[in-house]
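Written below as structure tokens is the structure these notes are about.
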Amino acid sequence: MTGVLAAVEGNVTAIGYGLAAIGPGIGVGIIFGQGVNAIARQPELTGVIRTNMLLGFVLTEALALIGLVAPFLFKSV
């Protein structure tokens, strides 16, 4: 019985990380899609738009890294 619970626990962790990666993945797609759209509309602001786009990308990817590290930090002993 204990082996079955351990197997389920491992699968839940993998599913949890997969779900944690969906949000940042969607966020990165939105950031770059809207960034390209903004640059196409106002090419004279390319530098400012690119800077804001990369800052948003970095913050969004930080969420994915937190989702990766959190299960290891809060793992019950």
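Mind checking whether some residue in the stretch 4-19 is in contact with a helix residue (DSSP H, G or I) (Cβ under 8 Å, 6 or more places away or on another chain) and modelled with pLDDT of 80 or more? Give the steps one after another, and end with the answer.
Our first condition is that a residue be in contact with a helix residue (DSSP H, G or I) (Cβ under 8 Å, 6 or more places away or on another chain); within the stretch 4-19, this holds for 13, 16-17.
Retained after the next criterion (residues that are modelled with pLDDT of 80 or more): none.
No, the stretch 4-19 has no match at all.
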(request) Considering only the stretch 26-77, state which residues are free of Cβ contacts under 8 Å to residues at least 24 places away in the same chain and of a type in the set (Phe, Trp, Tyr). (result) PHE72, PHE74
(message) Any residue that is in contact with a Lys or Arg (Cβ under 9 Å, 6 or more places away or on another chain) and at pLDDT below 75 - is there at least one of those in the stretch 26-46?
(response) no
(message) Testing GLY16 on (1) loosely packed, with under 14 Cβ neighbours inside 10 Å; (2) out of contact with any Gly (no Cβ under 9 Å at 6 or more places or on another chain), one condition comes back false. Which one is that?
(response) (2)
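The values are calculated or read from the model by the stated rules, or taken from the named source; none is laboratory data. All values derive from a computational prediction rather than experimental measurement. Cβ sites come from the backbone with ideal geometry, for glycine too, and all protein chains shown count toward neighbours.
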